[in-house]
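Asks: The structure follows.
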Amino acid sequence: MKQQDHAKRAAGEQAASWVQNGMRIGLGTGSTVAYALEALGRRVREEGLSFSGVPTSIATEEIARRLALPLVALAEAGRLDMAIDGADEIDPHWRLIKGGGGAHTREKIVAEQAARFIVLVDESKVVQRLGAAFPVPVEVAPFAAAPVMEALRRLGASPALRTDETGAPVCTDQAFYILDASFEGGIEDPEALGPAIKNIPGVLDHGIFAGYTTDVLVGGEDGSVRTLKQSIL
Ligand code: 5RP
């Protein structure tokens, strides 16, 4: 196991330990959340833990079904007690870039329904300024990809269509494309940029999450977990 995976596992297991009987939980997407799902699977088997999970992607749903985690549709779950999810970057104001796995649209919908949004990261993802090292994923209708790229350039971005190893566009769970929008030097004002991107016709949603995070668990390579404190805005 890589050092970063030890850190991801530590954060994932800590989040799973916070789940209590009867809770309704949003289940995020990605390799860090996968460790939380595994830990939840163990708790279901060993302790008889009972909860209802709302998966944020087909990938998470498949893992959860393999682990026999109890699932429920978002429409039936209503308000969630908490959602646990990974992130690609987190800044001192707990704003995030998500969508490295292309699931940010459903992840944001689920985060919006959750009383607590618990973000699981390792140290490499804690940054001073969003976007300096990671592009903003933008989910677009395939028909709109070219004009959305133009509009993103006008916002100062260098967008690239996300492709797989064969060169074909990556398709999301909504059968949309992903544009990865790079901002040289990072993003000056994430709160302003997010709505500006969302306002472009053809955009379903983007990976800037501002105002959702309530708790942050930072996994360490030695298996420790530290809880971040939010800086005063
Ligand atoms: C998927 C996401 C993931 O949470 C994010 O990419 C982090 O993934 P990982 O835990 O594999 O590093 O936003 O859309």
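Asks: Cβ contacts < 6 Å: first residue under 19 Å from R106 (Cα atoms), restricted to the stretch 182-209; second residue of a type in the set (S, T, N, Q) and surrounded by 16 or more Cβ atoms within 10 Å (Cβ to Cβ), any location; separation 6+ or different chain. Result?
Replies: So the pair list comes out as L204/T105; D205/T105.
Asks: Out of the residues in the stretch 20-34 that are surrounded by 21 or more Cβ atoms within 10 Å (Cβ to Cβ) and within 12 Å of G53 (Cα to Cα), state the one that is farthest from the ligand (Cβ to nearest atom).
Replies: By that ranking, first place goes to R24.
Matching residues to (1) touching a strand residue (DSSP E or B) at 6+ places or on another chain (Cβ under 7 Å); (2) more than 13 Å from the ligand (Cβ to nearest atom); (3) in the same structural domain as Q14 (by TED's automatic domain parsing):
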position: Q113; (1), (2), (3): yes, yes, yes
position: F117; (1), (2), (3): yes, no, yes
position: L120; (1), (2), (3): yes, no, yes
position: E150; (1), (2), (3): no, yes, no
position: A160; (1), (2), (3): yes, yes, no
position: Q174; (1), (2), (3): yes, no, no
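Asks: If you take the residues in the stretch 198-233 that are in a loop (DSSP other than H, G, I, E, B) and within 19 Å of H6 (Cβ to Cβ), which one is most open to solvent (accessible area, probe 1.4 Å)?
Replies: Filtering the stretch 198-233 for residues that are in a loop (DSSP other than H, G, I, E, B) and within 19 Å of H6 (Cβ to Cβ), the one most open to solvent (accessible area, probe 1.4 Å) comes out as D222.
Asks: Hey, another quick one. For the stretch 86-109, which positions are away from the ligand (no atom under 11 Å from the Cβ) and either open to solvent by 10 Å² or more (accessible area, probe 1.4 Å) or basic (K, R) (or both)?
Replies: Result: P92, H93, W94, R95, I109.
Asks: Look through A83, A10 and report the one residue that is within 16 Å of the ligand (Cβ to nearest atom), part of a strand (DSSP E or B) and buried (at least 20 other Cβ atoms within 10 Å of the Cβ).
Replies: Selected residue: A83, the only one of A83, A10 that is within 16 Å of the ligand (Cβ to nearest atom), part of a strand (DSSP E or B) and buried (at least 20 other Cβ atoms within 10 Å of the Cβ).
The values are calculated or read from the model by the stated rules, or taken from the named source; none is laboratory data. Just so it is clear, the structure is predicted and the values come from calculations on it, not from any experiment. Cβ sites come from the backbone with ideal geometry, for glycine too, and all protein chains shown count toward neighbours. We work out accessible area using only protein heavy atoms, side chains counted, and drop any ligands, DNA or RNA first. Shrake-Rupley method; radii C 1.70, N 1.55, O 1.52, S 1.80 Å.
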